[in-house]
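Engineer: Quick one: the structure is below, questions incoming.
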Amino acid sequence: MSTDSTFLGDLPPGEFRAAAHAAVDWIADYLEHAAQLPVKSRVQPGDIRAALPASAPARGEPLEAMLRDFRDTIMPGITHWNHPGFFAYFANSASYPGILGELLAAGVNANGMLWVTSPAVTELEQVSLDWLRQLMGLGQGWFGQITDTASVSTFYALAAAREQAGYNVRVQGMAGRADMPKLRVYCSEHAHSSIDKAVIALGLGHENLVKIPADENFRMRPDALESAIQADLAAGFHPIAVVPCVGTTSMTSVDPVRAVLRIARAHGCWVHVDAAYGGVTAIVPEMRHLMDGTDDADSFVVNPHKWLFTPMDCSVLYTKHPDALRRAFALLPEYLITSTQTETVNLMDYGIQLGRRFRSLKLWMVMRAYGAEGLAERIRFHCDLARDFAGMVHFENGGWELTAPVTMSLVCFRYAPAGMGEAEIARVNAAIMERVNADGRAYLSHTKLNGKYTLRLAIGNIRTDRSHVETAWADLLAAAATTMAAASPVA
């Protein structure tokens, strides 16, 4: 075998340049014409795997062949989150400046575990998150770090809350300790499942996550929270954290954060605000009230990869108590000691990960490319589109109804003709959604509100305009007519 250094090194630069230029051209064409593709992938389970070789090649293959297989084999298995008709879950989108930032970050391949391992990674993250804090109108005193998703951000926040409770769980653990009561965490019955997973992963026990009932607008009830805490105290439990939401997953309801804070503070609880989706509404001045009270919380999470046009993944955890995070996670083996240890922030100290990607670059470029006014205009436009769609539902004759208030850019609705029972309504709406999603011009998801099957249309893609919303509504009306016709007995 040859031992030539060129053979053992990377591919020739010219080959990379050609493939990279082709890839960028493909991305630009893809985003420009994404609306022409069916939103939801139409492959069947196992199709992609069956189309790929069962093992890696013995000899290297050209990049051109990989790009061809990407287009022909991989892309059919992609559901297009960048499609302007993607209205399922919480719509997201990768903007051009964000994609450029991701490309550059991959090129430099920096690891920001310590300040010294790439000072720009740490310092740009600090600057970018301070910019974002200011855009949302929040005060000084917040320490921010970028994680991958809200699930990890919430896990970190509750780990800090557990540390702040004072039982030295980091050293002694929790098992078999007579000196340690069961620790309790509280959230709305409509809170995201990431809170459940954080409680499970932290060893608190799923049964110790207390779901607080909501009011008629799906907001956590402060009186029910107070009653639950009082009952737990009487039973010998130790309340440690409350998690109100600004933009719940099913219907983007907004919990009364300020009222929750007063109760939590009276009982010494950490308050973590889940604003993963809704937090960016504070960039819009007239919507800033939705984050009322958050500035007095202990931590909160917001996800730029949801509604701030930043490619996956980019979640931001802010806290007023970075010392609690450090106590929960910091370790310093000999091989990580540096001469600047006491002068700099080392982001490895604030979570379980040692290695850290250069995620702030794409967020920084997005904020620079659109500016405060441009970001606010886009978020405001999406909320306007949601209200327009809600109007279409509300004023349509024949059984369509809204099922939750429209607070942001999500609309919850369903088809419920008079005289139809709940089981039949659920079956019909599921069939309507399947028809719309199969048609390929729009993609919706569903939830259940008070046990009622509900359709969700979430607007958040930077390329979505009024025509895409109108198309989704036309497809819904057509799907409802077809579904009802199919269900009617033939004369």
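Read the figures in this text as sums done on the coordinates, not as results from a lab. Since the structure is predicted, the reported quantities are computational estimates derived from the model, not experimental observations. Cβ sites come from the backbone with ideal geometry, for glycine too, and all protein chains shown count toward neighbours.
Engineer: Full extension from Met180 to Phe381: what is 0.36 nm times the residue separation minus their Cα-Cα distance, to one decimal in nm? Walk me through the numbers on the way to the answer.
Structural biologist: On the way: separation 201, 0.36 × 201 = 72.36 nm, distance 5.08 nm.
Additional length available on full extension: 67.3 nm.
Engineer: Suppose every Lys and Arg Cβ carries +1 and every Asp and Glu Cβ carries -1, with no other charges. What dipole size does the stretch 316-380 come out with about its Cα centre, to the nearest 20 debye?
Structural biologist: Values: 10 positive and 6 negative charges, 70 e Å.
My answer is approximately 340 debye.
Engineer: What FRET efficiency comes out for Val127 versus Ala22 if R0 is 41 angstrom and r is the Cβ-Cβ distance? Round to the nearest 0.05.
Structural biologist: Working: r = 34 Å, r/R0 = 0.83.
Rounded to the nearest 0.05, the efficiency is 0.75.
Engineer: Mean residue ellipticity at 222 nm from the helices of the chain, using -39,500 (n - 2.57) per DSSP H segment of n ≥ 4 over the full residue count, to the nearest 500 deg cm²/dmol?
Structural biologist: Numbers: 16 runs with 205 residues, N = 491.
Result for the chain, helices only: -13000 deg cm²/dmol.
Engineer: Which lysines have a Cα lying under 16 Å from the Cα of Lys362, excluding residues fewer than 8 positions away in the same chain?
Structural biologist: Straight-distance partners of Lys362: Lys306.
Engineer: Which of the peptides 243-254, 57-68 is most tightly packed, and how do the rest follow, judged by the mean count of other Cβ atoms within 10 Å per residue?
Structural biologist: Packing order, densest peptide first, comes out as 243-254, 57-68.
Engineer: Now, a different point. DSSP loop chymotrypsin sites (Phe, Trp or Tyr not before Pro) in the stretch 1-92 with at most 11 other Cβ atoms within 10 Å of their Cβ, which ones? Each step should come with its number before you reach the end.
Structural biologist: On the way: sites: Phe7, Phe16, Trp26, Tyr30, Phe70, Trp81, Phe86, Phe87, Tyr89, Phe90; in loops: Trp81, Phe87, Tyr89, Phe90.
Listed in order of number, the matching sites amount to none.
Engineer: Given charges of +1 on the Cβ of Lys and Arg and -1 on the Cβ of Asp and Glu, with all other atoms neutral, how large is the dipole of the stretch 56-174 about its Cα centre, in debye to the nearest 20?
Structural biologist: On the way: 6 positive and 10 negative charges, 55 e Å.
Dipole magnitude for the stretch 56-174 comes out near 260 debye.
Engineer: Could you give the C-alpha radius of gyration of the chain expressed as a fraction of 2.2 N^0.38 Å, taking N as the number of residues it contains? If you can, show how the numbers build up before the last one.
Structural biologist: On the way: Rg = 24.8 Å, N = 491, 2.2 N^0.38 = 23.2 Å.
Compactness ratio reported: 1.07.
Engineer: Just to be sure I understand: of the beta bridges DSSP finds with both ends in the chain, what percent are antiparallel, rounded to 5?
Structural biologist: Values: 23 of 39 bridges.
Around 60 percent antiparallel, to the nearest 5.
Engineer: Strictly greater than 19 Å: what percent of every Cα pair in the stretch 42-105 meets that?
Structural biologist: Numbers: 1113 of 2016 pairs.
For the stretch 42-105, the fraction of Cα-Cα distances above 19 Å is 55 percent.
Engineer: Please list the radius of gyration and Dmax for the stretch 410-491, considering alpha-carbon atoms only, with Å as the unit.
Structural biologist: Every Cα atom of the stretch 410-491 included, Rg and Dmax give 13.3, 48 Å.
Engineer: Just need log10 I(q)/I(0) for the stretch 326-463 at q = 0.12 Å⁻¹, Debye formula, equal scatterers on the alpha-carbon atoms, no solvent, rounded to two decimals.
Structural biologist: The calculated log intensity ratios at q = 0.12 Å⁻¹ are -0.71.
Engineer: Modelled label-to-label distance, Ala369 and Glu343, 7 Å Cα→beta-carbon offset: nm?
Structural biologist: 3.6
Engineer: Fully extended, how many nm does the chain gain between Arg326 and Phe395 (0.36 nm per residue separation, minus their Cα-Cα distance)?
Structural biologist: Values: separation 69, 0.36 × 69 = 24.84 nm, distance 5.38 nm.
Going from the current span to full extension adds 19.5 nm.
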